[in-house]
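To keep things clear, I will list the structure first and then write my remarks on it.
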Amino acid sequence: MSQSVEAIIDEQGQVRLLRPLRFPTARRAVLMILDDDPLESARVSEPALAEDWNRPEEDAAWSHLQPGR
């Protein structure tokens, strides 16, 4: 079973989990370093997503979810 946990890495590279974890045996782990600004990825991808989402076909496909229709 895979699971994700949040951690902080300090200036010396020490990893501190934000909640304790317990396992019956040792486990392998992969560490993904995130940007300091959690919204940066959203801002960078917004133009590409807007190009795909802001089309008449998309509006028609999702129109049943719009209020008043």
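What to note about this one:
- Subset of segment 26-48 [loosely packed, with under 10 Cβ neighbours inside 10 Å, in a helix (DSSP H, G or I) and charged (D, E, K, R)]: Arg43
- Segment 12-25, residues that are under 23 Å from the mean Cα position of the chain (by Cα) and part of a loop (DSSP other than H, G, I, E, B): Gly13, Gln14, Leu18, Arg19, Pro20, Leu21
Read the figures in this text as sums done on the coordinates, not as results from a lab. Remember, it's a predicted structure, so these values are computed and weren't measured experimentally. FYI the Cβ positions are ideal-geometry reconstructions off the backbone, even for glycines, and counts take in every protein chain you see.
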